[in-house]
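*Asks:* Here it is: the structure, laid out below.
The values are calculated or read from the model by the stated rules, or taken from the named source; none is laboratory data. This structure is a prediction, so every number in the text was calculated from the model and none was measured. Methodologically, a virtual Cβ is constructed for each residue, glycine included, from the backbone with ideal geometry; neighbour enumeration extends over all protein chains shown. With ligands, DNA and RNA removed, areas are computed over all heavy atoms of the protein, side chains included. Shrake-Rupley method; radii C 1.70, N 1.55, O 1.52, S 1.80 Å.
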Amino acid sequence: MKQDTKTVEQIVDDMDLFDDDLMSMVFDGNIEATELLLKIILKKNDIIVISVVGQREFQSPVVSGRNIRLDILAKDSMGKHYNVEVQKKPEGAHIRRARFNSSMMDSRMLKEGQEFSELEDSYMVFITQTDIFGYGIPIYTINRHFEEIDDLFDDGSHIVYVNGNYKGNDEIGKLLHDFGCKESKDMYYTELAKGVRHFKEEGGRKIMCEAVERYAEQKAENARLNNLLDSIRKIMDNMKMGAEQAMNVLEVNDHDREILQKRL
């Protein structure tokens, strides 16, 4: 279903940096904004970002395995990798998703013949709109440790959750305030305001509107395929048929058939 122009414009007007489409565009290639974000969240002023891309897809090495699309993938001058995700809903930031994303990043860092000791540090950062752990603190940092002794198991894997509901008047509070702003004029940090202004108020708005339209079309297509998948499963269960037979009954075309076979 194609969105009408007025609806698309309203969706873009209502967007803030907790919307992954806008966030990915604002940070894509934006070294300045990414450095600001990571320095504040990780409390490390020496981070020098050398590359950052938005909406980077990682394909699973396993047939029919789960692929992931990263909101932001960055690398710094020391070789450390950072994946930053924004999530409006708690289920999108499940703790096991952090584990999965970290493993997907790690699996791409080493080339054939490299030693495991050469694996660089990785940071999986979730910025959630709500406080999903409920302790009221701005940042939750998770590192592995030895249970029997009070010492860190320093394998270089770090997971960080940022509480987007935090309202403090410090650096992280101002950063999260900016994430919730719909207009650039209300933001504290110029590094973020410039990107939001470009994609919501200036020349990049057309790109943002086109992205919203594509998302709406993809969502409608996914809903159609899910409905078709439900029908196939019902036929398989009720009529004791195989997947191919059920798809023949429903006259599923070759294109849909290829997609649905991977989901069954």
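*Asks:* Collect residues whose amide H, placed 1.01 Å from N in the peptide plane, falls under 5 Å from the amide H of F126; neighbours closer than 5 in sequence don't count.
*Replies:* E85, V160, Y161, V162
*Asks:* Compute the distribution of all C-alpha to C-alpha distances in the stretch 147-264, in bins of 10 Å from 0, and list the percent of pairs in each, rounded to whole numbers.
*Replies:* Using 10 Å bins, I get a P(r) of 11, 21, 16, 18, 22, 13, 1 for the stretch 147-264.
*Asks:* Something else: According to the square roots a ≥ b ≥ c of the eigenvalues of the Cα gyration tensor, what is the shape class of the stretch 50-95, taking rounded for a/c under 1.5, prolate for a/b larger than b/c otherwise, and oblate for the remainder? Don't skip to the answer; put the middle values down first.
*Replies:* Values: a/c = 2.29, a/b = 1.25, b/c = 1.82.
It comes out oblate by the Cα gyration axes.
*Asks:* Quick one: net charge of S24's neighbours, Cβ under 15 Å, K/R +1, D/E -1?
*Replies:* Working: positive: R56, R69, K88, K200, R214; negative: D16, D19, D20, D21, D28, E57, D71, E85, E210.
Surrounding charge for S24 is -4.
*Asks:* Next up: What value does the stretch 223-264 have for Rg/Rh, both radii from Cα atoms and Rh as Kirkwood defines it? Each step should come with its number before you reach the end.
*Replies:* Working: Rg = 9.1 Å, Rh = 10.0 Å.
Reported Rg/Rh (Cα atoms, Kirkwood Rh): 0.91.
*Asks:* Is the shape of the stretch 37-169 rounded, prolate or oblate, going by the alpha carbon gyration tensor and its root eigenvalues a ≥ b ≥ c, with a/c under 1.5 for rounded and a/b larger than b/c for prolate? Before the final figure, lay out each step's value.
*Replies:* Details: a/c = 1.43, a/b = 1.25, b/c = 1.14.
Cα axes put the stretch 37-169 in the rounded bin.
*Asks:* Using only the heavy atoms of the protein chains and a 1.4 Å probe, how would S107, S24, S117 rank by accessible area, largest first? Provide the component values of the computation, followed by the final result.
*Replies:* On the way: S107 75, S24 5, S117 110 Å².
Accessible-area ranking of S107, S24, S117, largest first: S117, S107, S24.
*Asks:* Would you indicate which of (i) 64; (ii) 54; (iii) 49 is the value of percent of Cα pairs over 22 Å apart derived from the coordinates of this structure?
*Replies:* Working out percent of Cα pairs over 22 Å apart from the coordinates points to (i).
*Asks:* Using Cα-Cα distances under 8 Å and only pairs 6 or more residues apart, what relative contact order does the stretch 178-226 have, in percent? Could the numbers behind the result be given before it?
*Replies:* Working: 21 pairs, mean separation 9.2, N = 49.
With pairs under 8 Å counted, the relative contact order is 19 percent.
*Asks:* Evaluate the charge dipole of the chain about its Cα centre and quote only its size in Debye, nearest 20, assuming +1 on the Cβ of each Lys and Arg and -1 on the Cβ of each Asp and Glu.
*Replies:* Working: 36 positive and 49 negative charges, 150 e Å.
In total the dipole reaches around 720 debye.
*Asks:* Among I41, I48, what's the order by accessible area (1.4 angstrom probe), most exposed first?
*Replies:* On the way: I41 10, I48 90 Å².
If we order I41, I48 from most to least accessible, we get I48, I41.
*Asks:* Okay, helix-only estimate at 222 nm for the chain: each DSSP H run of n ≥ 4 adds -39500 (n - 2.57), divide by all residues, round to 500 deg cm²/dmol; what do you get?
*Replies:* -13500 deg cm²/dmol
*Asks:* Follow-up. Grab the alpha carbons of the stretch 70-138, take their convex hull, and tell me the volume per residue in Å³. Let's see the in-between values first.
*Replies:* On the way: hull volume 7.4 nm³, N = 69.
Residue-normalised Cα hull volume stands at 107 Å³.
*Asks:* Could you please report the charge total around Y161, scoring K, R as +1 and D, E as -1 over all other residues with beta-carbon less than 15 angstrom from its beta-carbon?
*Replies:* Details: positive: K43, K88, K89, R96, R97, R99; negative: D71, E85, E91, D131.
Computed value for this residue: +2.
*Asks:* Also, quick follow-up: Any idea of R214's accessible area? Nearest 10 Å², probe 1.4 Å.
*Replies:* 120
*Asks:* A further question on this structure: How much of the calculated P(r) for the stretch 84-231 lies past 25 Å, in percent of all Cα pairs? Write out the running numbers ahead of the final one.
*Replies:* Working: 5680 of 10878 pairs.
Tail of P(r) above 25 Å: 52 percent of Cα pairs.
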